[in-house]
Every structure is written in C-alpha cells, then in structure tokens.
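FYI, it's all coordinate maths here, none of it is from the lab. Note that the structure is predicted; figures quoted are calculated from it, not measured. Cβ atoms come from the backbone with ideal geometry, glycine included; neighbour counts cover every protein chain shown.
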C-alpha cells in the first residue's frame, strides 16, 4: 500500500513571491506517477503538474515546478510569482504504474495544504 | 467539450435513508472513478469501472455502498441506510482508459446526513 504525507496543513505567501509545498510518500512500486492537484472552494480538482518516477528531469508547467527526489521519496511543489488565484487547497497524489508507464488507475492523496496568497 | 458532471450538487438526507449520487463522465471515457472526501481531508478511493464492470471496489467501506455503470457511461453511487459518518463530498473522475494517468474530476456532490 502507498501512503502520501503532506506535513504543512497551511501555508501563506505574498503575491509575486515564491512558495514551496512539501510532500513525502512511501511505496514499494518501481514505477509510478506523482501529481499535484489544486482544489479551490468550487471543489473542482484541477491537475497542476505530474511527474513519472522513471524520468530524471523535474517537471515544470509555467510558474509551477517540482523537486522530485526519488531516493528520499520527496516531491515538493514550487510556485513562483504567486497570484491571488493560486489560493486553494493543494493535494499531492500517487498513482502506481508498470514499467511501460501504464498506470494502475487509482490515486492515493495526501491530507492537503491550504495555500493563501495575500495581496 | 463538456467536463465531468455530478448531480445533485448538494444532498441533505436523514439518517437511515437511501441516496443515489450520479456521475456523467466525459463522453467516450471508458474508465470512471469514485472518491470520498471528508471535511479537511484528501479524497479516498472507493471504486473504479472499466466499461460496465467494476475493476476494483476495494475502497467501498461496507456493504451499504454500491455503484453501478450499466451502459458504460453514467454511473450511480448508491448508499443504503445512511449514517452521519457518510457525510462527505463524493467526487467522480473519468479517464479515456484505465491505463491513462490523467483523471478529470467533477465538482462533487456534498452529502449531509442529519
């Protein structure tokens, strides 16, 4: 079984500054995907960024980037130039996959981090 | 195109009643997932379908919970004899196929059991 741990229940940042959200996980799987999802008050879960464990290079999506440390089982999210619209709950999630990258479907989520961006 | 939709948006019921929650996946998506999100927590997996069949129902908490997807599109999550502990947001997601790593989520149904 997999576990995902987010140790920061709440974080805050000033607009235009940078913030890093932490995530650690535990698994015996050789390949897997890691995700960061954003959930605003509307409840809609939105994919922010994903990383395949076999890929060495850290994923980036515009202002969002990850620091994936496979040996340490750590997967942090860095948000640069924070915007008011980034205010939301952020979830780290894990999905097992086979060596070819085909996923096994179900997601395991962490407890979430509430991020507040202040003007 | 249209995303995943869920109805109702909110449902209030009394302890002991039966409820049905509906999920309409993205057209053409063969895989469908149900998750339950308790207040202040991350979503927890309940069940997923590949086509009409339940491929993995290991997350259903007990036999009061049941889900169907009779035509491989719309799915209904059914909860019998509701308890106050069933109060949560029930999220549905779909993906183009089970091996895809991208799931598209609906807005959820907030269930409140009084």
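To the nearest µm²/s, what D does Stokes-Einstein give for region A:7-119 at 10 °C and 1.306 mPa s, using the Kirkwood radius over alpha carbon pairs as Rh? If you can, show how the numbers build up before the last one.
Working: Rh = 14.4 Å.
It diffuses with D of about 111 µm²/s by this estimate.
Dividing the mean sequence gap of close Cα pairs (under 8 Å, 6+ apart) by how many residues chain A holds gives a relative contact order of 37 percent. Shielding of peptide B:35-48 by partners, expressed as the average count of other chain Cβ atoms within 10 Å per residue Cβ, is 4.
Translational diffusion of the protein assembly as shown, estimated by Stokes-Einstein from the Kirkwood radius over alpha carbon pairs at 25 °C in a medium of 0.890 mPa s, is 134 µm² per second.
Each residue, residue A:57 and residue A:30, gets one label point 7 Å from its Cα in the Cβ direction; the gap between the two is 2.4 nm. Given in Å, the Rg to one decimal and the Dmax to the nearest whole number for the Cα atoms of chain B are 13.2, 39.
Taking every Cα-Cα distance in region A:46-89 and sorting them into 10 Å bins starting at zero, the pair-distance distribution P(r) comes out as 25, 53, 21, 2 percent.
Taking beta carbons within 10 Å but only from partner chains, what does the mean come to for residues A:24-37? Mind showing how you got there, number by number?
Values: counts 0, 0, 0, 0, 0, 0, 0, 0, 1, 2, 0, 3, 0, 4.
Mean number of neighbouring Cβ atoms from other chains: 1.
Counts of other chain beta carbons within 10 angstrom of each beta carbon in peptide A:111-117 average 1.
For the residues A:11, A:45, what sequence is obtained by ranking on other C-beta atoms within 10 Å, fewest first?
Working: A:11 16, A:45 27.
Going from least to most buried by this count: A:11, A:45.
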